[in-house]
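The values are calculated or read from the model by the stated rules, or taken from the named source; none is laboratory data. In this text, all values refer to a predicted model and were calculated from it rather than measured experimentally. Don't worry about glycine lacking a Cβ; one is built from the backbone with ideal geometry, like all the others, and counts go over all protein chains shown. Just the protein is used for accessible areas: all its heavy atoms, side chains included, with ligands, DNA and RNA removed. Shrake-Rupley method; radii C 1.70, N 1.55, O 1.52, S 1.80 Å.
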Amino acid sequence: TAKESITLTKALNYLSDANSKTRENAAHAISTALNEKSDVFCFITNVVAKDKAIDDDWRNYSSSISSRNIANLLEDHVVDALVATVQGSYEKTSHRYYRLKADWLNKTQLNFWDRNAPLPGSNDSIISWGEAKEIVLASYKGFSPTMGEIGSEFFEKNWIDAAPSPGKASGAFSHPTVPSANPFILLNYMGSQRDVMTLAHELGHGVHQVLAAEQGPLLCNTPLTLAETASVFGEMLTFRQLLNNISSKEEKRVLIANKIEDMLNTVVRQIAFHLFEAEVHAERRNGELSLERINQIWMQVQSDSLGPAIRLDKAYECYWMYVSHFVHVPFYVYAYAFGDCLVNSLYKVYSEKTIINFEERYLELLRSGGKFRHKELLLPFGLDASNPLFWSKGIQSITDLIDELEELF
């Protein structure tokens, strides 16, 4: 209703509603609520950026991102290569896909609240828990019997709490507890295809945590940039399993499109967030930024990344305010893109079958936990994250899927 008060999480979820008017109302309600606090957000952003600049100068960091890179066990030039490659891919990834989606929805341009709109022909059928288990384990076993055996343990030994219940935390995660004990997975499984993918994702974390436990409590955990390796790889295996099980052209089209949107949100969108953050921190060194200037930076980076098929109006100017990472963990966001592109490159090598014993090498990577840096971990696969071609290989996974989607039109 017009007077209903809801959380930001629920309001953002309405941006994926099937009803266009619901999405539009939610978009403007979010804008209104954020603008009411805009002076506070502007003040906080200026303080955070100034405080970080002072700290960076004291510690002689070469740039505002360097401290985060050190925490992630990364060199500045590696992250620079990632950012430049993703930024250079906008036209062939996000711009191309959103043009395709606009055509699919019979529009010349999509309003910003239509970006995550469900596609015509989306499958609302429920996938039972038993079916989901079979799909995910089949994809894991098809890749590696060892991964299948470890994954099966989570089901057989009740290490997964899947059903939604009153008072249960939202979302999903895999908690590793301690290396001498098994991990536990929490889900809120409702039976959608996306829920099956979430199961595959969290089971990937669980398998990773089991394999890395042999490193002990000091080295079993990976930096954030490598923590999503097994989970995203598991998702890709399951995505292909789901795709192979579908005969309907329309259902395949929707499944591929949903996967592309997830990848764009993880790679392109997060790098756009990073570029916004970098520009704000750079300009703050020259003096306090006005709300209008911060809004301008936001709109420019969003327009560049989303492309001409997405219409951004004044209501979207304030949407930077809902990204809590900008305040709580500056320069955190690029890690999402790093992890996704890294797995895309790995999966590309796997699908090309150019590496002997890929599965064994991959399991060794997972067993290593946080023992090695990215260079040592990727060397057995002939990959080098400091080389822009590495990131191009990851981007190609997205463009290949867009090629597949276009063939189904």
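Observations on the model:
- Hey, Ser31 open to solvent by less than 70 Å² (accessible area, probe 1.4 Å), within 21 Å of Ile297 (Cβ to Cβ) and among the polar types (S, T, N, Q) or not: yes
- Scanning segment 144-157 for residues that are assigned to a helix (DSSP H, G or I) and open to solvent by less than 10 Å² (accessible area, probe 1.4 Å) gives Met147, Gly148, Gly151, Phe154.
- Scanning segment 287-333 for residues that are of a type in the set (Ser, Thr, Tyr), within 19 Å of Thr266 (Cα to Cα) and buried (at least 18 other Cβ atoms within 10 Å of the Cβ) returns Ser305, Tyr319, Tyr332.
- So Leu218, is it closer than 25 Å to Ala337 by Cβ and open to solvent by 10 Å² or more (accessible area, probe 1.4 Å): no
- Residue tally, condition hydroxyl-bearing (Ser, Thr, Tyr), more than 28 Å from Cys42 (Cα to Cα) and part of a helix (DSSP H, G or I), over segment 237-291: 1
- Failed condition for Glu4, given (1) more than 30 Å from Ser170 (Cβ to Cβ); (2) out of contact with any strand residue (DSSP E or B) (no Cβ under 9 Å at 6 or more places or on another chain): (1)
- His274 vs. criteria over 21 Å from the mean Cα position of the chain (by Cα), surrounded by 18 or more Cβ atoms within 10 Å (Cβ to Cβ) and at negative phi: no
- Breaking point among (1) among the hydrophobic types (A, V, I, L, M, F, W, C); (2) closer than 17 Å to Ser368 by Cα; (3) in contact (Cβ under 8 Å) with a residue 12 or more places away in the chain, for Leu186: (2)
- Scope segment 256-271; condition open to solvent by 10 Å² or more (accessible area, probe 1.4 Å), under 15 Å from Leu100 (Cβ atoms) and not polar (S, T, N, Q); matching residues: Lys259, Glu261
- Qualifying residue in segment 185-205 (condition: β-branched (Val, Ile, Thr), at pLDDT 95 or above and farther than 30 Å from Glu75 by Cα): yes
- In segment 94-127, the residue that is farthest from Gln302 (Cα to Cα) out of those that are among the hydroxyl-bearing types (Ser, Thr, Tyr) and open to solvent by 30 Å² or more (accessible area, probe 1.4 Å) is Ser125.
- Positions within segment 62-93 being open to solvent by 70 Å² or more (accessible area, probe 1.4 Å) and either in contact with a helix residue (DSSP H, G or I) (Cβ under 7 Å, 6 or more places away or on another chain) or of a type in the set (Ser, Thr, Tyr) (or both), in sequence order: Ser62, Gln87, Lys92
- Members of segment 3-25 that are more than 21 Å from Trp320 (Cα to Cα) and open to solvent by less than 90 Å² (accessible area, probe 1.4 Å): Asp17, Ala18, Asn19, Ser20, Thr22
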